[in-house]
């Protein structure tokens, strides 16, 4: 089996969404894209000029990586909507990763402004992938607003703390009908595997890869972990037990029947 990701009009055989910000060079970025078999990546309009040769945009286009423009750095619905519209014009895509930040120290989302922006963008024909907190009710409201994906954080952006509230993420995965992608907080490959085992349709990894000592190796590791978690979820884990249970049955043991 191969993992599949289907979000709005986007289809891929990889469940890893790649965050492009913060790479030390375009050469390292390109090598990481190849190692992780990246098919879609976020780009911030403020950091990318698609008209410049040798740019991030050029690298993504050369590697046939789909673009997911984001509204990184926006602190209001109005600002996020304006940024999304500029990104649609610049990159010729209706996909947008919606981010509206509420606090500049923790980078936690402002869910009130996020919901307002989501409603306006959906009405304007966007496919909205919405970054949010790990609150089930907020995730449901974003689904009701018409978002094609909800993207709860595992922990604050760039913190590397991993999935701090697995129960909350699992609840969102169980109760929300659109794809759920874990966004923010991954520290290493095992965090990505856990997110997939909890029921996520995919994960977004940025800092965990681009700040690693070896981003190329970490990109490959995270991609492998996403696949492993996807397979494990479908395989069905054994139930957790309070006491031990022997892996081999005593039935038929010769010593039990010796005279």
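The values are calculated or read from the model by the stated rules, or taken from the named source; none is laboratory data. Bear in mind that the values here come from a model prediction, so they are computed numbers and not experimental data. Neighbour counts run over all protein chains shown; Cβ positions are idealised from the backbone, glycine included.
Considering only region 180-199, state which residues are in contact with a helix residue (DSSP H, G or I) (Cβ under 6 Å, 6 or more places away or on another chain), touching a residue at least 60 places away in the same chain (Cβ under 8 Å) and over 15 Å from residue 159 (Cα atoms).
The answer is 196, and nothing else.
Name the single residue that is nearest to residue 190 (Cα to Cα) among those in region 143-153 being crowded, with 19+ Cβ neighbours inside 10 Å and either modelled with pLDDT under 95 or in contact with a helix residue (DSSP H, G or I) (Cβ under 6 Å, 6 or more places away or on another chain) (or both). Break it down into steps so the answer makes sense when it comes.
To start, the set of residues in region 143-153 that are crowded, with 19+ Cβ neighbours inside 10 Å comprises 143, 145, 147-153.
Pick out the ones that are also either modelled with pLDDT under 95 or in contact with a helix residue (DSSP H, G or I) (Cβ under 6 Å, 6 or more places away or on another chain) (or both) and you get 145, 147, 150, 152.
On the way: 145: 32, 147: 28, 150: 21, 152: 18 Å.
Ranking the candidates gives 152 first.
Please go through region 79-94 and pick out each residue that is in contact with a strand residue (DSSP E or B) (Cβ under 8 Å, 6 or more places away or on another chain) and closer than 12 Å to residue 126 by Cα.
The answer is 84, 87, 88, 93, 94.
Quick one: is residue 200 more than 12 Å from the chain's Cα centre (by Cα) and modelled with pLDDT of 95 or more? Walk me through it before giving the result.
Values: more than 12 Å from the chain's Cα centre (by Cα): no; modelled with pLDDT of 95 or more: yes.
No; evaluated as a whole, the condition is false for this residue.
Quick check on residue 103: is it at pLDDT below 95, surrounded by fewer than 18 Cβ atoms within 10 Å (Cβ to Cβ) and under 24 Å from residue 79 (Cα atoms)?
On the way: at pLDDT below 95: yes; surrounded by fewer than 18 Cβ atoms within 10 Å (Cβ to Cβ): yes; under 24 Å from residue 79 (Cα atoms): yes.
Judged against the criteria, residue 103 is a match.
Please pick out the residue among 128, 111, 122, 150 that is under 23 Å from residue 56 (Cα atoms) and touching a residue at least 12 places away in the same chain (Cβ under 8 Å).
Details: 111 fails: under 23 Å from residue 56 (Cα atoms); 122 fails: under 23 Å from residue 56 (Cα atoms); 150 fails: under 23 Å from residue 56 (Cα atoms).
Step by step, each of 128, 111, 122, 150 is checked, and only 128 is under 23 Å from residue 56 (Cα atoms) and touching a residue at least 12 places away in the same chain (Cβ under 8 Å).
So residue 64 clears everything in (1) assigned to a helix (DSSP H, G or I); (2) over 16 Å from residue 130 (Cα atoms); (3) at pLDDT 90 or above; (4) more than 18 Å from the chain's Cα centre (by Cα) except one condition, right? Which one?
The number of the failed condition is (1).
Could you figure out which of (1) modelled with pLDDT of 85 or more; (2) part of a loop (DSSP other than H, G, I, E, B); (3) on the phi < 0 side of the Ramachandran plot; (4) surrounded by fewer than 16 Cβ atoms within 10 Å (Cβ to Cβ) isn't true of residue 27?
With (1) modelled with pLDDT of 85 or more; (2) part of a loop (DSSP other than H, G, I, E, B); (3) on the phi < 0 side of the Ramachandran plot; (4) surrounded by fewer than 16 Cβ atoms within 10 Å (Cβ to Cβ) applied to residue 27, the lone miss is (2).
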